[in-house]
Amino acid sequence: MRYPIRPRGGVRIQGERPLVQKRVRVPDWGEASQGAVDRLLVRPRRPLDSTRSPGVEHTMDTMLFTERSLWTMLHGMALGGGALMGLAIALFSLRAMRFSGVPGATADRQALYLTWLIVATAALLWSSVLAGTYVTFPAYRAVPPEGIADLGPYPKALIQSVPGTAWLHSFAMEAKEHVPWIAAMLATAVAFVGLRYRAKLLGDRQLNDMATVLVAICFGLVSFVALLGVLVNKVAPVE
Amino acid sequence: MASIGRNQEAVTNGAAMAAFLAAGIGAFALGVIVILNETGLFAAPALYAPAGGVTGRTTLAAAIWVIGWAVLHRRWRDRQVEARVVFALSLLGIGLGIVLTLPPIWKLF
């Protein structure tokens, strides 16, 4: 299977035309820190030369990230990853810390910590969902101009251009558009119950079971969409 | 009802059941909206054009979820409701909502 050739910044073949026309000189640390963010947000692009001879040396350019890739990392790794960890901890805690009988000070404190963990998890999940829908997704679905050869900046078009990866849009991204919203609703419901019922979330067997089931479903959904996101980003990263 | 915590008043289960059932309603609403969109019967307008119709679909589902939650909470917050039935309905809504948002399912319609 042949994939469309897409540019890969950051790799340069020695002896060829430089990737960046004007090299940035860094005379001292003061100036370096002043322009560091600008240089991080600029990524040089060049066509990948698939015909190069084996053994040709490569050098790495400066590690660069685009603004879109930073948003994607924030959406998937920081917010989504944080929510996934929070859900895992909440799921474990709901079972490990539950008790029967009259709660004491320890149980109250545990319930308080667990409640704020679930609240924070729900907040992370909503942040990830909103960032994904309103920031990352528009970059993913950008429509390439007619006749363009380089589909690298257009992940949806790149994925759909090859039959072998088309399912990453028709299944993975289509599912990722909606399923996370359900997970966010579930996490919010459990967070609300934790805030309102506090120690009863751990002491009431029935309520604890219900909350555990919902957090488990939520964890499964977030894991599912996170895996799909990894697969999509592996083939066609938003850069 | 006895106190359940040192600084906490005992509460009925109505508020919790309202939250759970509302989540089921919201999930089911999202699934139905997606199906209606895919079959061409109803397309929620895009609220943010660069992101497309998903913004309208999800916002509409979220609005149904919030409104449903508010109504249920207002009615049940001080009541003890049948938890098993309500939770079963919640799971049914959540399950249907998840299934209906998966492309292999809505492509059948």
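Key figures for this structure:
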| read-out | value |
| --- | --- |
| Cα-projected label distance for A:Leu70 with B:Leu108, points at 7 Å along beta-carbon direction, nm | 4.6 nm |
| Mean separation of Cα contacts under 8 Å (6+ apart) over length of segment A:174-239, as relative contact order % | 45 percent |
| Dipole of segment A:121-239 [Lys/Arg +1, Asp/Glu -1 at C-beta], most positive-end residue of A:Phe192, A:Tyr140, A:Ala123 | A:Phe192 |
| Segment A:67-235 - charge dipole about Cα centre, Lys and Arg +1 at Cβ, Asp and Glu -1, debye rounded to 20 | 540 debye |
| Computed over chain B: relative contact order in percent, which uses C-alpha pairs under 8 Å that are six or more apart | 43 percent |
| DSSP H segments from chain B that extend 15 Å or more along their own axis, Cα-based, with Kyte-Doolittle mean of 1.6 or above | B:14-39, B:83-100 |
| Additional length obtainable on full extension of the chain from B:Thr39 to B:Asp78, 0.36 nm per residue less Cα span | 9.9 nm |
| Two-decimal log10 I(q)/I(0) for segment A:67-235, as the Debye equation yields it once each C-alpha is a single scatterer, q = 0.12, 0.13, 0.16, 0.19 Å⁻¹ | -0.58, -0.65, -0.86, -1.08 |
| Size of charge dipole - chain B - debye, nearest 20, with Cβ of Lys, Arg +1 and Asp, Glu -1, no other charges | 120 debye |
| Calculated on alpha-carbon atoms, Rg and Dmax of chain B in Å | 17.2, 56 |
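FYI, it's all coordinate maths here, none of it is from the lab. Given the structure is predicted, the values throughout are model-derived calculations rather than measurements. In this analysis, Cβ positions are derived from the backbone assuming ideal geometry, glycine residues included, and neighbour counts consider all displayed protein chains.
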